[in-house]
Amino acid sequence: MAFTALAAGVSGLQAFTEGVGVIADNITNVNTIGYKETRSRFSTLVTETAALSSYSPGGVRAFSDTLVSKQGLLQPSGSATDLSIDGAGFFVVRQGTSAEDTNGEFLYTRAGAFSQDNEGFYKNTAGLYLMGWPTDANGTVSASNQSDLGELQPININNLNGFGAATSEVSLRVNLATNTEVTPSTIYDPSTTYNAGSNPTGLGAMAAGVVEADFQTNVTIFDSQGRSHLVNVSAVKTGTNTWNYEIHMDDPSVVDATDHPNGLIASGEMSFNPDGSIDLETVDDAATSTMSDYSGSPITFPGGSIAIHYDNTGGTEVEEGSISFDFGDDGFKNGFVQSSTESARLSFSVDGAAFGNINGVSIGEDGIVTALFDNGLTLSVYKLPVAVFQNADGLSRRQGNAFGSSDLSGEVNLQHPGESGAGKVAPNSLEQSTVDLASEFAELIKVQRAFSASTRIITTSDQILEELTRL
């Protein structure tokens, strides 16, 4: 019996030593961002058999339980890249920045104190790199399989310096004066072939400046390298509630002269309803309002894209442009309208830009990472996923206050912030440690007393054995 009691006392020393270690870990991480408290749990070791004639002491065994799902207090921060998650979930991080990195295991953390390294990648204080989905300019994730960790990329916005995005959409709100006199076909007839010398009445006459337009406005577009170009939209009234228009480059030399004579990009006829709204309906298989490219090939109107072939003979080659011009919705006055007031451009919007140099970054609650440029423009470049698990408390601990998936946690599920049970991203804040210092000190006293008691078991068992040897 003395020997078994001695073994029980030794198990107590081992278990309570481990308990002191757990408490020590908690206390030393009381100021660690995103740290999750670990608790010691003790279980009896039973060595009894089916016989009830005697008692055999077994001892105690220690278990550690990390409360990963417990939410810490969110504290405000002055840094735009200090992040926390308000709710369930984790940031996805990686130990390396490339797929070839053999140590590039995907991990999950709540420690969101991120800052740039010497290459511009964002990493936290443990050296773990923040991962995200690439997006288009509207913040739409471009990944084909958003559940695949391989679709994530390390966040780096420094490579956007000098970045240019080509224009793909132009929206115009224009009022055309209803009392404008009709231009006779002898002056402007879009059905004839344009020739600057002998027949300057067809398409291209306004582009070449031969025919004076009743209305003209312009917008600035951008090519794939961020170069700006001025596009003119000209219109003449050719009948009752009917106008013809041409879209052409202000400088014809920037486009291919064969594909775009006189810089002409597109043209067409525009019709209006009696209430002044634009009429885009098809009547008797004939489109009321039309749009065609320079060769006369029809373009879906609205929404169709106009191909622009830039001139690449001047030492700079850019991608072919493709721009959709939006003149409004059929039967509405949200684009081109006709009224008694003077002709004027009311508003316009153009995407694409020459973004300049990076001036900073902004991260929203929806996880969208927006690059800020020194010319005042912004561009959405990444979106942060929130990783959720069926059993977050089953995650395995990793170096650097991070966690890895395990059999107990289940498979990782990448969610958009604030959706399907995932928490929202809380920018300009950090999640504090979940350790309660007062509770840890109280637990430390209890474990220390239990350790001391276990030593008394050993000394008492030693005394019993000493008495036995004297018999």
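The values are calculated or read from the model by the stated rules, or taken from the named source; none is laboratory data. Small disclaimer: the values here were computed from a predicted structure and weren't measured. Don't worry about glycine lacking a Cβ; one is built from the backbone with ideal geometry, like all the others, and counts go over all protein chains shown.
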Flagged in the stretch 107-157 as loosely packed, with under 12 Cβ neighbours inside 10 Å and in contact (Cβ under 8 Å) with a residue 60 or more places away in the chain, in numbering order, are Asn138
Of (1) aliphatic (A, V, I, L, M); (2) touching a residue at least 24 places away in the same chain (Cβ under 8 Å); (3) surrounded by fewer than 16 Cβ atoms within 10 Å (Cβ to Cβ); (4) not assigned by TED's automatic domain parsing to the domain that holds Trp133, Ile445 satisfies all except one. Which?
-> (2)
Residue match in the stretch 177-190 (condition: aliphatic (A, V, I, L, M), outside any strand (DSSP E or B) and under 15 Å from Asn244 (Cα atoms)) = yes
Qualifying residue in the stretch 381-398 (condition: free of Cβ contacts under 8 Å to residues at least 60 places away in the same chain, farther than 27 Å from Ser142 by Cα and hydroxyl-bearing (Ser, Thr, Tyr)) = yes
Residue among Glu181, Glu246 that alone is more than 48 Å from the chain's Cα centre (by Cα) and within 22 Å of Ser271 (Cα to Cα) = Glu181
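Please state which one of Thr44, Thr102, Thr97 is in the same structural domain as Ala126 (by TED's automatic domain parsing), touching a strand residue (DSSP E or B) at 6+ places or on another chain (Cβ under 9 Å) and modelled with pLDDT under 90.
Within the list Thr44, Thr102, Thr97, the selection yields Thr97.
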Tell me, yes or no, whether the stretch 257-264 has at least one residue that is of a type in the set (A, V, I, L, M) and part of a loop (DSSP other than H, G, I, E, B).
-> yes
Report yes if Thr341 is under 23 Å from Asn175 (Cα atoms) and modelled with pLDDT of 90 or more, otherwise no.
-> yes
Scanning the stretch 267-326 for residues that are free of Cβ contacts under 8 Å to residues at least 12 places away in the same chain and hydrophobic (A, V, I, L, M, F, W, C), the one surrounded by the most Cβ atoms within 10 Å (Cβ to Cβ) turns out to be Val283
